[in-house]
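The values are calculated or read from the model by the stated rules, or taken from the named source; none is laboratory data. Small disclaimer: the values here were computed from a predicted structure and weren't measured. Cβ coordinates were reconstructed from backbone atoms using ideal geometry, including for glycine residues, and neighbour counts include every protein chain displayed.
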Amino acid sequence: MTDQITYQVTVADLAALMKRTAGVNVDPDDLGRQADDGFDTFGLDSLGLLGIVAELEKRHGRSLPEQAERCKTPAEFLALVNTSLQTGA
Amino acid sequence: MRERRRDPRHRGAAVTGLGVVSPHGVGAEPFWKMTADGTSSLTRLGRDGCENYPLKVAGEVRGFDPAALIEETYLVQTDRFTHFALTAAQLALDDARWGPADAASPYSVGVVTAAGSGGGEFGQRELQNLWGQGPRHVGPYQSIAWFYAASTGQISIRNDFKGPCGVVAGDEAGGLDALAHAARTVRRGTDTVVVGATEAPLAPYSIVCQLGYPELSRSGDPGGAYRPFTSAACGFAPAEGGAVLLLEEERTARERGAEVRATVAGHGATFTGASRWAESRAGLARAITTALAEADCRPEEVDVVFADALGVPEADRAEALALADALGPHARRVPVTAPKTGTGRAYCAAPVLDAATAVLAMEHGLVPPTPNVLDICHDLALVTGRAHPAELRTALILSRGLMGLNSALVLRRSAASSSHRRSTLV
């Protein structure tokens, strides 16, 4: 994860979304420490990630890039989502 | 079948575990107690949002807390019918004292379920989101939760079963067809198959779908809504819940020390057209004859019949005549029962519950009665009032679907079975 980005979606937000949309209980600190591990190691499947993307799109009132739902790790996902939200790309 | 049994390569399909989630309770034990006592669990439909429909009486599963039984990751992506299925599957595995260590490999365990309506409650919620708020508000799990195949998939995933899987969409009778398909899967080389059906049709959308069935009882009296084989028959009361059975290859089951409680001996299925009940006579008789032939079973060997018992006069008459056609004079003597009048008809799950009841009845030497039914107007030895003690070795289970499928299944008590769970209830 790069430092230059202002994080609109934090690790804690992602942990809360994983719980709400997919029933996955993960400690935000663990998620932060293991941010380069695959989503599958936390028990989140591809439909679960799709639900998180939809939830963020509703929350921020804009579409996210298609690659968002194909991200393999929390780090990759947060970087993509936050870059996209910041630049409006 | 007897010739085949002597063949050392013969693979028999043995029932080793029962898992039940029904209006009578969660678990085979409370279910059997209520069933043997002839108790009715039919009540006025009280589910939220279901109060103002012409359907007034149903069999609801009460006191079922899925969160206490199933992990949250499964709960959020599944409907109530799959919550029932996951629970019943776990109960069946536990009942058979089967654990992951008993599998030779994940590929040696398969799953087969039947479903009549899929996940109506989940589907309604998401469709309301769609039309109330827009497509972005529909959760992605909608794509799998309301699908007929959901329970087979989720049972497999939760338990890491990778053997042959199947879903039977065969109307109510599909519950028996699923058992037959599972037995064939065992014969063809899979050691263990988790098989059954559960339904959750008591949500507003699902109820509206059923209101078009002329066979659905509109009675508001829990004691009078579902009274098959009587002159007061006025249709059937629907139910939720169901059963899952563990089927294992007979020899493999014995080798791991499991009790072989019954074997799936024969099956037959026919189609005679939706709501053409008079014609179901010939179809049901043919299904019975086919099932008995596969089981190498003479009509006189049938010790108990679990009737379809639709509760529509024309259909009840057709069933009584089908039994006479297929069993001859034995049809007037053999005890017939329809314990489902105490729970309601849980569509595909109804005959699977009957199969579970048949196993328990054979073990206890007791034919359970037909609740709420007293004055029979057909030439059948229907067991009413109290349970009827009898030595039971062979059970015939019948099921017909509203869309015209007829099935018969023969279960036999294992000849080598030593335990006898004779009941103290009578």
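Just a few scattered comments:
- Note on segment B:126-148: among residues that are among the hydroxyl-bearing types (Ser, Thr, Tyr) and within 9 Å of another protein chain (Cβ to nearest Cβ), the one that is farthest from residue A:22 (Cα to Cα) is B:143.
- Whenever a residue of segment A:19-30 is facing another protein chain (nearest Cβ under 7 Å), its partners that are aromatic (Phe, Trp, Tyr), lying with C-beta atoms within less than 6 angstrom and at least six residues away or across chains, give the pairs A:24/A:42.
- Counted residues, segment B:324-352 - those being over 24 Å from residue B:197 (Cβ atoms) and either touching a residue at least 24 places away in the same chain (Cβ under 8 Å) or touching a strand residue (DSSP E or B) at 6+ places or on another chain (Cβ under 9 Å) (or both): 11
- Here residue B:178 fits the description: buried (at least 23 other Cβ atoms within 10 Å of the Cβ) and in a helix (DSSP H, G or I).
- Number of positions in segment B:58-100 that are assigned to a helix (DSSP H, G or I) and among the charged types (D, E, K, R): 4
- Candidate set: segment B:71-83, residues that are more than 7 Å from every other protein chain (Cβ to nearest Cβ) and surrounded by fewer than 20 Cβ atoms within 10 Å (Cβ to Cβ); chosen: the one nearest to the chain's Cα centre (by Cα): B:74
- Segment B:150-209, residues that are of a type in the set (Val, Ile, Thr) and either more than 26 Å from residue B:310 (Cα to Cα) or modelled with pLDDT under 95 (or both): B:152, B:155, B:157, B:185, B:186, B:190, B:192, B:193, B:194
- Filter result for residue B:108 (farther than 18 Å from residue A:51 by Cβ and surrounded by fewer than 21 Cβ atoms within 10 Å (Cβ to Cβ)): yes
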